[in-house]
Each structure stands twice: as C-alpha cells, then as structure tokens.
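J.: Before I ask anything, here is the structure I am working with.
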Amino acid sequence: MTPNIEPFQSRSAWTARDMADPNDWVHRVSDDDIAEIDAALRHVQARGLSIPDITRETFPLDGFAASLAEIRHEIEDGCGFVMLRGLPVDRYSRDEAQLIFWGIGAYWGEAVGQNQMGDVVGHVMNVARDWNTDNHGRGYQSRDALSFHCDKNDAVALMCWNGAKSGGLSCIASSAAIHNAMLERRPDLLELLYGPFHVDFRGEEM
C-alpha cells in the first residue's frame, strides 16, 4: 500500500444523500444581478470588446461580484460545485450569451485553451462525430452518453443557452467521495491511481 493515503475529511467528499436539498448548491440570480449583467454586457458591446479581451474590470458587476466571490469559495474550498439559476438566456443572442458567460467566468479564474487550436469557449452540440472511432472527435460533439470523467483543469463551467430536444442531462460525482470509498473497499485499486497512467489526447498531442 502506498503510504500516507488518507481519507478526505471535507465538504468536497459528498454523496447524493448529502446534496438532497438543492438550496445547498443552487444560487438564484436576482433581478438586481440581472440588471448588473445587462449593464456590463452593454458596457463591453459599446467598447467593441470581445473574447478573450473581456476582464473583471471591463465587465463590472458591483453587487453580484460579492456573490460570485462566495461561489468561487464554495467551488474551491466547499463542496466543489454550484448551479446558477434564473439568468434569462432566452433574451440574449448566442454571441451575447458567450460574452456574459465569459464575463462572469472572469470573476472565477483565468480561462485556458480547450484544444490544440486554443479555443477558450466550446459549444456542446451534436455534429455527428463518433468519438469512439474518430481519434479527433470529442464526446460533446456527438449524441453519445459520456461516462464520468475529470477535465484536466482546476474548474469547468457550463452554460445552458438552448436545451436539447431530448436527453442532455448532466450528472456529477465527488472524486473525493469516490476516493474514500475505494480506500475503504479496494485500497489495492486506489494505489494504482497514485501511479502513472496513460492519457488520451484525442489526436491533439503537442
């Protein structure tokens, strides 16, 4: 057994039972928040700013910024996830929704490229790529169900601008809770995860 593997003792090690009350992880955007977001959107549009040049300073959210700071703390030091509800996405074009998505994200961290082309915002839609046979295909470009996985970055954000006609449901799980369960039930398997393992770059090796 690899030494010093201990169970995680934090809110990040949650189970579905722990998160049964949505009030523990859903943050509802208020009318005042929406007014600030709309004003910030007009601000960047008036100045001709686009992604990735929008920053916290150029996307001003005065009162809502405090809520975003609390959400960031919950993501980094709490349960690890938050859902925002109440943003009236149907009033925005796709380009406007992207600007809002980026502007809010600027309060949470620094965006990094998602692929070899350096795309910092991707679109989850079925473009008929079979990611099981296409070495360059991504799961979010197909209609296939994706198994649980971890993206290779500190945090990830998704914005639902146009819901799927059917399906499109998302599920999350706590890696820390899975770690603890493996430590309790199959520590021999957990030991393997602390060693080297192969990563599929989907044909985007640098």
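J.: Kindly evaluate S50 against the criterion of being open to solvent by 30 Å² or more (accessible area, probe 1.4 Å), hydroxyl-bearing (S, T, Y) and more than 15 Å from the chain's Cα centre (by Cα).
T.: yes
J.: Taking the stretch 153-187 as the search range and keeping residues that are within 22 Å of I5 (Cα to Cα) and part of a loop (DSSP other than H, G, I, E, B), which one is modelled with the lowest pLDDT? Break it down into steps so the answer makes sense when it comes.
T.: First, the residues of the stretch 153-187 that are within 22 Å of I5 (Cα to Cα): 154, 173-187.
Imposing the further condition that a residue be part of a loop (DSSP other than H, G, I, E, B) reduces the set to 154, 173-174, 186.
On the way: D154: 87, A173: 94, S174: 96, R186: 92.
The residue in question is D154.
J.: Go over the candidates R91, R85 one by one and state the one that is closer than 24 Å to G163 by Cβ and either among the hydroxyl-bearing types (S, T, Y) or in contact with a strand residue (DSSP E or B) (Cβ under 8 Å, 6 or more places away or on another chain) (or both). Give the derivation first.
T.: On the way: R91 fails: either among the hydroxyl-bearing types (S, T, Y) or in contact with a strand residue (DSSP E or B) (Cβ under 8 Å, 6 or more places away or on another chain) (or both).
One residue alone meets the criteria, R85.
J.: Does any residue in the stretch 19-33 that is in a loop (DSSP other than H, G, I, E, B) come within less than 7 Å, Cβ to Cβ, of a residue that is of a type in the set (A, V, I, L, M) and open to solvent by less than 50 Å² (accessible area, probe 1.4 Å) six or more places away or on a different chain, and which pairs are these?
T.: Listed pairs, sorted by first residue: W25/M19; W25/V82; V29/L87.
J.: Shifting gears a bit: How many residues are aliphatic (A, V, I, L, M) and either part of a helix (DSSP H, G or I) or free of Cβ contacts under 8 Å to residues at least 12 places away in the same chain (or both) if we restrict to the stretch 5-18?
T.: Within the stretch 5-18, residues that are aliphatic (A, V, I, L, M) and either part of a helix (DSSP H, G or I) or free of Cβ contacts under 8 Å to residues at least 12 places away in the same chain (or both) number 1.
J.: Taking into account only those residues within the stretch 167-198 that are free of Cβ contacts under 8 Å to residues at least 24 places away in the same chain and closer than 30 Å to I71 by Cβ, which is most open to solvent (accessible area, probe 1.4 Å)?
T.: Residue satisfying both the conditions and the ranking: L169.
J.: Every residue in the stretch 64-75 that is touching a residue at least 12 places away in the same chain (Cβ under 8 Å) and either of a type in the set (F, W, Y) or open to solvent by 40 Å² or more (accessible area, probe 1.4 Å) (or both), please.
T.: Selection gives F64, A69, R72, I75.
J.: For the stretch 59-66, indicate whether the set of residues that are at pLDDT 95 or above and under 30 Å from D200 (Cβ atoms) is non-empty.
T.: There is no residue in the stretch 59-66 that is at pLDDT 95 or above and under 30 Å from D200 (Cβ atoms).
J.: Okay, next question. What number of residues within the stretch 1-44 are open to solvent by 50 Å² or more (accessible area, probe 1.4 Å), small (G, A, S) and farther than 27 Å from E191 by Cα?
T.: Qualifying residue count, the stretch 1-44: 2.
J.: Identify all residues within the stretch 77-109 that are among the charged types (D, E, K, R), in contact (Cβ under 8 Å) with a residue 24 or more places away in the chain and either assigned to a strand (DSSP E or B) or in contact with a helix residue (DSSP H, G or I) (Cβ under 9 Å, 6 or more places away or on another chain) (or both); write none if there are none.
T.: R85, E96 - these are the residues of the stretch 77-109 that are among the charged types (D, E, K, R), in contact (Cβ under 8 Å) with a residue 24 or more places away in the chain and either assigned to a strand (DSSP E or B) or in contact with a helix residue (DSSP H, G or I) (Cβ under 9 Å, 6 or more places away or on another chain) (or both).
J.: Within the stretch 45-56, identify whether any single residue is more than 30 Å from W14 (Cα to Cα) and assigned to a helix (DSSP H, G or I), and answer yes or no.
T.: Keep residues of the stretch 45-56 that are more than 30 Å from W14 (Cα to Cα), which gives 45-56.
Subset that is assigned to a helix (DSSP H, G or I): 45-46.
Yes, the conditions are met somewhere in the stretch 45-56.
The values are calculated or read from the model by the stated rules, or taken from the named source; none is laboratory data. Here the structure is a predicted model, which is why all the values come from computation and not from measurement. In this analysis, Cβ positions are derived from the backbone assuming ideal geometry, glycine residues included, and neighbour counts consider all displayed protein chains. Heads up: the accessible areas ignore ligands, DNA and RNA and are worked out on the full protein's heavy atoms, side chains in. Shrake-Rupley method; radii C 1.70, N 1.55, O 1.52, S 1.80 Å.
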